[in-house]
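> What follows is a single structure, and I will ask about it in a moment.
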Amino acid sequence: MMIKILTVIGARPQFIKASAVSRAIQNVEGIEEVIIHTGQHFDDKMSQIFFDELSIPVPKYNLDIHGLKHGSMTGRMLEGIEEIILQEKPNYLLVYGDTNSTLAGALAASKLHIKVIHIEAGLRSFNMNMPEEINRILTDRVSSLLFCPTETAMKNLQNEGYDHLDLKTFNVGDVMYDTTLYFSQLVNWGSPILERYKNQPFVLCTLHRAENTDNLDRLRNIIKGLNEISKSVNILVPLHPRTRNIIKELNIEINFEIIEPVGYLDMLGLIQNSRLVMTDSGGLQKEAFFLEKYCLTMRDETEWVELVNNGYNFLIGANEELMLKMFNEVFDKKLTDGKPLYGDGQAAEKIVTLIQEYAS
Ligand code: UDP
């Protein structure tokens with residue numbers, strides 16, 4: 001039987017996850033994948049570069065929806081995806097993670113009785129103020145095949161009673177681990193930014209999460225902390241366009257280097273060459289660990305609790321003093337012998353095999 005999967009992606013971390021799964025789909029017979037790009041992330045540095053570098057199949061549809069409030073964005077996506085489902089008549093609709101594109105895809109499909117596959121299911125921050133937390137809870141609940149990246153995610157679903165629901169949950173490991181393993185072999189070490197930061201110790205930092213960028217006190221504290229740390233070591237920040245705009249608007253003083261977002265291969269090179277990662281990103285917390293770097297996370301909680309419980313990652317919130325204290329504690333330390341917390345690098349293959357098994 002030919003299985004048709006309609007995949008909905010729209011944001012940077014989803015392109016990175018999709019690269020592993022789309023490759024695994026292409027390596028088997030019997031599955032046709034049709035991709036919808038919602039347009040949530042749209043500029044070249046947040047979108048096109050990943051399609052080029054990571055060989056993600058070209059989306060058949062691009063809804064070009066971005067820059068709106070949560071409600072309008074999700075609503076318009078819902079409408080667009082519904083039309084495409086009716087035309088394409090897929091067997092499954094596949095979504096990743098926790099963005100508005102994820103929720104719109106899951107809702108549109110489930111209302112049309114199309115089974116939803118959720119990759120990166122079961123994650124919880126237990127902070128309902130995060131739009132991502134709302135998106136992931138609702139998406140999980142309407143999905144039929146839920147692929148969890150960790151044991152913790154499986155337990156979260158159990159605790160919410162998912163064992164009693166008509167759906168399947170699996171711990172397959174994290175597709176981002178697959179992607180890191182695959183593409184860290186392909187880094188171009190001669191690229192301009194990697195050349196420039198080759199022979200100097202530096203901290204790699206990213207900052208984009210709404211809870212930090214939309215809260216002025218938090219944003220100012222974090223930048224104060226980074227300015228302070230930058231007195232002793234260079235900090236390099238490939239900055240998300242949203243954060244860049246806010247910082248510019250508020251005219252906040254910055255004493256470290258901000259650059260445009262970089263492609264994934266440069267990112268993997270920068271992580272490897274860095275001494276320490278500081279971030280509020282979900283994906284980067286794990287990539288730091290995969291590439292044996294400690295991570296200071298500028299959030300009050302994380303979905304990747306196993307990193308914190310094992311002492312690879314430290315939650316520093318938006319607290320300037322804690323930032324400095326933890327920076328001083330871990331900057332010279334080397335992370336070695338990390339436990340295998342995220343599977344064996346074959347998550348995408350396992351997902352594809354399970355989809356085939358359940359479709360037959
Ligand atoms: N990333 C990238 N270039 C950058 C910043 C991040 O390729 O300039 C990658 C990063 O390595 C990770 C993903 O983007 O794989 C994380 O995306 P983001 O932080 O936007 O989202 P989150 O993971 O927090 O959902």
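The values are calculated or read from the model by the stated rules, or taken from the named source; none is laboratory data. Source: prediction; values computed, not measured. Heads up, the Cβs are rebuilt from the backbone with ideal geometry, glycines too, and the neighbour counts pull from every protein chain shown. Ligands, DNA and RNA are stripped out before the accessible areas are found, and what is left, the full protein with its side chains, is counted by its heavy atoms. Shrake-Rupley method; radii C 1.70, N 1.55, O 1.52, S 1.80 Å.
> Carbon and sulfur: what percent of segment 3-107's accessible surface (1.4 Å probe)?
Reported share for carbon and sulfur atoms: 49 percent.
> So who's got an amide H within less than 5 Å of the one on E32, skipping anything under 5 residues away but keeping other chains? H placed 1.01 Å off N, in plane.
I3, K4, I5
> Could you give the accessible area per residue of segment 70-116, probe 1.4 Å, as a whole number in Å²?
Here the residues of segment 70-116 average 42 Å² of exposed surface.
> Follow-up. Return the whole-Å distance between the Cα centroid of segment 250-289 and the Cα centroid of segment 158-200.
15 Å
> Oh, and also: Taking all protein chains as present, what is the carbon and sulfur share of the accessible area of segment 140-293, in % to the nearest whole number, probe 1.4 Å?
Carbon with sulfur: 44 percent of the solvent-accessible area.
> May I ask for log10 I(q)/I(0) of segment 69-214 at q = 0.09, 0.16, 0.18, 0.22 Å⁻¹, from a Debye sum over the Cα atoms as equal point scatterers with solvent left out?
-0.38, -0.95, -1.08, -1.31
> Counting only C-alpha contacts under 8 Å and six or more residues apart, can you give the relative contact order of segment 80-122 as a whole percent?
Contact order relative to length: 45 percent.
> On to the next question. Shape of segment 165-267 from its Cα gyration tensor (a ≥ b ≥ c, root eigenvalues): rounded if a/c is under 1.5, otherwise prolate when a/b > b/c, or oblate?
oblate
> While we're here: Tell me the relative contact order for the chain as a rounded percent, counting alpha carbon contacts under 8 Å between residues six or more apart.
16 percent
> Here's a follow-up. What number, rounded to the nearest 500 deg cm²/dmol, is the helix-based mean residue ellipticity at 222 nm of the chain, given -39500 (n - 2.57) per DSSP H run of at least four residues and division by all its residues?
Value at 222 nm, helices only, nearest 500: -13500 deg cm²/dmol.
> Which pairs break 31 Å Cα to Cα here: K115/K155; K4/K339; K198/K231?
K4/K339
> With N denoting the number of residues in segment 238-295, provide Rg(C-alpha) divided by 2.2 N^0.38 Å, to two decimal places.
Rounded to two decimals, the normalised Rg is 1.22.
> Scanning the chain for GluC sites (Glu not before Pro) in DSSP loops with at most 10 other Cβ atoms within 10 Å, what's the longest stretch left with none?
Answer from the scan: 30-252.
> Normalised by the number of residues in segment 120-241, what is the relative contact order in percent for Cα pairs under 8 Å and 6+ residues apart?
20 percent.
> Does segment 1-121 classify as rounded, prolate or oblate by the C-alpha gyration tensor (a ≥ b ≥ c root eigenvalues; a/c under 1.5 gives rounded; else a/b over b/c gives prolate, otherwise oblate)?
Here segment 1-121 falls in the oblate category.
> Rounded if a/c is under 1.5, else prolate if a/b is larger than b/c, else oblate: which is segment 23-85, with a ≥ b ≥ c the root eigenvalues of its Cα gyration tensor?
Note, shape of segment 23-85 comes out oblate.
> On a C-alpha basis, how far is the centre of segment 18-68 from the centre of segment 296-332 in Å? Whole number, if you could?
Rounded to whole Å, the Cα centres lie 32 Å apart.
> Quick one: longest stretch of the chain between exposed loop chymotrypsin sites (Phe, Trp or Tyr not before Pro), exposed meaning at most 12 other C-beta atoms within 10 Å and loop per DSSP?
The longest uninterrupted stretch comes out as 190-360.
> With equal scatterers on the alpha carbons only and no solvent term, can you work out the Debye log10 of I(q)/I(0) for the chain at 0.09, 0.13, 0.15 1/Å?
-0.48, -1.03, -1.37
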